[in-house]
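The values are calculated or read from the model by the stated rules, or taken from the named source; none is laboratory data. Everything quoted here is computed from the prediction, not taken from an experiment. All Cβ positions, glycine included, derive from the backbone under ideal geometry; neighbour counts span all protein chains shown.
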C-alpha cells in the first residue's frame, strides 16, 4: 500500500469527519474558553494548550516542504509563506496578546486540536509539495489564484481587526466579558470567525485543491456552530445586546 493510497483514504475520511463534527457541535459547545465545564477530564493552562496544538500546523506543513520535491515556483513559495505566517502568529504570538486571566483548556480539546492541525498541515503540505502537478509561475495569473488570494487577504484583515477589538475590550488585569462593538461587530457577533472562514475559503480557491477544500469545510464545521453558541450566550448574558446583530453573516444569520 503506497502513501498516496493512504493519503487519499485519509482525505475522504477527513471530509466525512468534518460533517459529523459540524452536526455534533450544534448540540454541545467544545469545552474551552467560556464553555469550559466539568466532566471533560483534566485541564491545563489555555495559553500553553493553544501553543502546543497550533504549533502542529506550521511544523507539519514545513516538514512536508522539506521532504517533498516541489518545483520552487513563486506560487509554491507564496503558499508556504502564507501558511507559515498565519500559523506562526496563531501559535506563538496570538496566545500571548490576549488580556485577562488565562482560562483552562481540557486535555481532550488539546488532543483533538493537535490531531486536527497536524492532519491539515500534512494533507495540504503533502499535496502542494509532493502529490500535485505543481504550481508553476503561470498560476500567478490564474483567476482562481487571484480571486482566492483576494478573499484570503480580506479574511485576514477582518480576523485581525476583530481580534484587536476583542483584546481592547479588557484593560490589563480585567477578566470580565463585555459586548464588543465597532466595525463588523456592529453587524455580527463573531467577525473573527467570519474572517477565519474566509481565509480558508480563499486558500481552497487559490490552491484549487481538495485538501484546501477539506480545510475550509473543517473551519466552517467548527466555527459556524461556535458562532451560534457565542451569539446565544451574548443574548442570554447581556439583556441589552443589539437585537439586529446576527451570529456570523451580516443581515442573514
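Annotations for the structure displayed:
- Some residue of the stretch 138-158 being over 20 Å from residue 54 (Cα atoms) and either assigned to a strand (DSSP E or B) or at pLDDT below 95 (or both): yes
- Cβ-Cβ distances below 9 Å connect the following pairs, each with a first residue in the stretch 52-69 that is over 12 Å from residue 123 (Cα atoms), a second residue that is outside any helix (DSSP H, G or I), and a separation of six or more residues or different chains: 52/44; 53/105.
- Residues (in a helix (DSSP H, G or I), touching a helix residue (DSSP H, G or I) at 6+ places or on another chain (Cβ under 7 Å) and surrounded by 16 or more Cβ atoms within 10 Å (Cβ to Cβ)) located in the stretch 64-81: 64, 65, 75, 76, 79, 80
- Residue list for the stretch 176-190, filter: touching a helix residue (DSSP H, G or I) at 6+ places or on another chain (Cβ under 6 Å) and in a loop (DSSP other than H, G, I, E, B): 180, 182, 189, 190
- Some residue of the stretch 229-238 being without any contact (Cβ under 8 Å) to a residue 60 or more places away in the chain and either assigned to a loop (DSSP other than H, G, I, E, B) or on the phi > 0 side of the Ramachandran plot (or both): yes
- Only one of 104, 126, 90, 167 that is out of contact with any strand residue (DSSP E or B) (no Cβ under 7 Å at 6 or more places or on another chain) and more than 28 Å from residue 208 (Cα to Cα): 167
- For the stretch 1-25, filtering for residues that are part of a loop (DSSP other than H, G, I, E, B) and surrounded by 11 or more Cβ atoms within 10 Å (Cβ to Cβ) leaves 1.
- Any hit, the stretch 26-49, residues being more than 25 Å from residue 237 (Cα to Cα), in contact with a strand residue (DSSP E or B) (Cβ under 7 Å, 6 or more places away or on another chain) and in a helix (DSSP H, G or I): yes
- Residue 248 meets all of the listed conditions (1) assigned to a helix (DSSP H, G or I); (2) under 29 Å from residue 11 (Cα atoms) but one, namely (1).
- Residue match in the stretch 35-52 (condition: touching a helix residue (DSSP H, G or I) at 6+ places or on another chain (Cβ under 6 Å), buried (at least 19 other Cβ atoms within 10 Å of the Cβ) and over 30 Å from residue 139 (Cβ atoms)): yes
- Output for the stretch 89-136, where each listed residue is in contact with a helix residue (DSSP H, G or I) (Cβ under 6 Å, 6 or more places away or on another chain), in a helix (DSSP H, G or I) and surrounded by fewer than 21 Cβ atoms within 10 Å (Cβ to Cβ): 90, 91, 95, 110, 114, 118, 122, 127
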